[in-house]
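Written below as structure tokens is the structure these notes are about.
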Amino acid sequence: MVIPALLISFTAGAQERNVPDTVAGIPVNYDPACIGEYTLPGLLVTGSGEKVHSAEAWMQMRRAEILELFREYQFGHAPGRPEDLRFEVFEEGASAFDGKALRRQVTVYFTGEEEGPKMDLLVYLPANRQGPVPLLLYLSFAANWSMFDDPGIKRGMVWNRDQEKVPAPERSPFGRFDIMPFLESGFGFASVYYGDIEPDFAEGIRYGIRSVYLEPGRERTADNAWGAIGAWAWGLSRAMDYFETDPDVQ
């Protein structure tokens, strides 16, 4: 069992204060009164108006319709697993955290090419495990090398505020992540840096995985295609593809 996780901070009461109407040059709305009237579609009613009365009808019809609504209006349409996806385990099992964990490091090549888009996957497993373990998969906004107090991690590169790729700093501005409570509870922990998949700025598509799937002559995706968040989710799915091959992960 692999649990993907994106840790997001939220400040309560933000809607009661003055908030911007533009963020990073993009118009935004934080005021529910400005949304306008709308009617949510019925959860257990198909697009043709048929009511869902069974688990079979849900799985065969309504679930697929709802997933398509999310693709069309929220996360965009994304490709599936690439045929030439490749995993390179460049560290199989090194001792970490005073012998309490086993560290594994994997490069996931999205296109199979050495110089093509790729991400580094960092995996920790409890050293005292007796078999496959459940694992938490973390999408990090800092390089793995900066997030954990472990000198054995590959340093990696990050995108800075000037939209340049530079060596990862020694310490993340978010602080170090303490994963010992997870390991001591019998869980594994894995992390990927979101910028390996696609950086988060306006022209980031040129350097990320979405550029591989652009139609010839296009510099932008279609309006209903995946954005950066969709690209990060796609990258996490490729990590899940790797875990299906790892006998130490439940």
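The values are calculated or read from the model by the stated rules, or taken from the named source; none is laboratory data. Worth saying up front: this structure is predicted, and the values here are computed from it rather than measured. All Cβ positions, glycine included, derive from the backbone under ideal geometry; neighbour counts span all protein chains shown. Heavy atoms of the whole protein, side chains included, go into the accessibility calculation; ligands, DNA and RNA do not. Shrake-Rupley method; radii C 1.70, N 1.55, O 1.52, S 1.80 Å.
Each listed q (0.12 Å⁻¹) maps to a log10 I(q)/I(0) for the chain from the Debye sum over equal C-alpha point scatterers, namely -0.88. When you filter the GluC sites (Glu not before Pro) in segment 148-250 for DSSP loop state and at most 16 other Cβ atoms inside 10 Å of their Cβ, you are left with Glu164, Glu170, Glu203, Glu219, Glu244. Let me know the longest stretch in the chain that avoids all chymotrypsin sites (Phe, Trp or Tyr not before Pro) found in a DSSP loop with at most 11 other C-beta atoms within 10 Å. In the chain, the maximal stretch lacking such sites is 39-250.
For the chain, the 222 nm mean residue ellipticity estimated from helices alone, with every DSSP H stretch of n ≥ 4 adding -39500 (n - 2.57) and the total spread over all residues, rounds to -4000 deg cm²/dmol.
A cut-off under 15 angstrom between Cβ atoms defines the neighbours of Glu56, and their net charge, with Lys, Arg +1 and Asp, Glu -1, is +1. For segment 44-165, with all protein chains in place and a probe radius of 1.4 Å, 49% of the accessible heavy-atom surface sits on carbon or sulfur.
Using a simple spin-label model with pseudo-atoms 7 Å out from Cα toward Cβ, His53 and Asp223 lie 3.9 nm apart. Backbone geometry of segment 122-131 corresponds, through the Karplus equation with coefficients 6.51, -1.76 and 1.60 at θ = phi - 60°, to 3J(HN,Hα) couplings of 9, 10, 10, 10, x, 5, 9, 5, 9, x Hz, x marking Gly and Pro. Electrostatic bookkeeping for Gly152 treats Lys and Arg as +1 and Asp and Glu as -1; over the other residues with beta carbon under 12 Å from its beta carbon, the sum is +1.
With Cβ to Cβ distances under 14 Å as the rule, what net charge do the other residues near Glu114 carry (K, R +1; D, E -1)? Computed value for this residue: -3.
Count neighbours as other Cβ atoms within 10 Å of each site's Cβ, and list the trypsin sites (Lys or Arg not before Pro) in segment 139-199 that are DSSP loop with at most 16 such neighbours. The qualifying sites are Lys154, Arg155, Arg161, Arg171, Arg176. The GluC sites (Glu not before Pro) of segment 59-93 meeting both criteria, a DSSP state outside H, G, I, E and B (loop) and at most 15 other C-beta atoms within 10 angstrom of the site's C-beta, are Glu83. Listed by chain and number, the lysines placed with their C-alpha closer than 27 angstrom to that of Lys154 are Lys100, Lys118, Lys165; residues fewer than eight positions away on the same chain are left out.
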